[in-house]
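The block underneath contains the structure these notes are about, expressed in structure tokens.
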Amino acid sequence: MTTGAPTPTYPARPRRSRLRTFLPLSIAAWLVLEIWLLTVVAGASSGFTVFLLLLAGFVLGAAVIKKAGRRAFQNLNEALQRGGTPQSSGGNGLLMLGGLLLMIPGLISDALGLLLLIPPVQKALSRLTERTLDRKLREAVPGSFGDAFQQARIHRPDGKVVQGEVIRDEPDGDTPQDPRPPLTR
């Protein structure tokens, strides 16, 4: 006997994103390529040369990260002394990423880290990242994390807030009340 109620349909499993599918594979391929390139360079010159290259990359990366962190801290201090918010980071994040890539052992990561230290590359990459982030936020589905991030970012009501006034009923009696400031906007 049927009750007329529709049978529940279970939604299909959500598709795996491309990032979750290809990220582990690309990291494994990158590691294999780094090791292969290190062995080729060690075979062409010597193991000591490869060691010196990796050591120089580590030292240069540490210096870059220290400089970028110091610059970011100075920008923050200046902004706090002015009483405002810090201006754009000026590429400190990309400098730190470049320094981190230099510190990671490997010649490909060193090449990418050195590439990120070039100012025109930093500007182009930051513009590309900003455009991509804005596009993804505009495409965000209502109720998703991206939509919540976009709502918090634009600092305006989304139409669900009703403007109004709060009126308190003061109790009649001798009970002491905590002094509270008036509710203002």
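Just so it is clear, none of the values below were taken in a lab; they were calculated from the coordinates. Predicted, not measured: the structure shown is a model, and the values here were computed from it. Please note: Cβ atoms are built from the backbone with ideal geometry, for glycine as well, and neighbour counts cover all protein chains shown.
Worth a mention:
- Sorted on the mean count of surrounding Cβ atoms within 10 Å across their residues, most packed first, peptides 14-20, 46-52 read 46-52, 14-20.
- Phi-based couplings in Hz for the stretch 101-116 (Karplus 6.51, -1.76, 1.60; Gly and Pro marked x): 5, 5, 6, 6, x, x, 7, 5, 5, 5, 5, 5, x, 5, 5, 6
- In terms of its C-alpha gyration tensor, the stretch 16-119 has an oblate overall shape, because the principal axis ratio a/c (a ≥ b ≥ c, square roots of the eigenvalues) is not below 1.5 and a/b does not outweigh b/c.
- FRET efficiency estimate (nearest 0.05) - Cβ-Cβ, Ile167 to Gln74, R0 41 angstrom: 0.25
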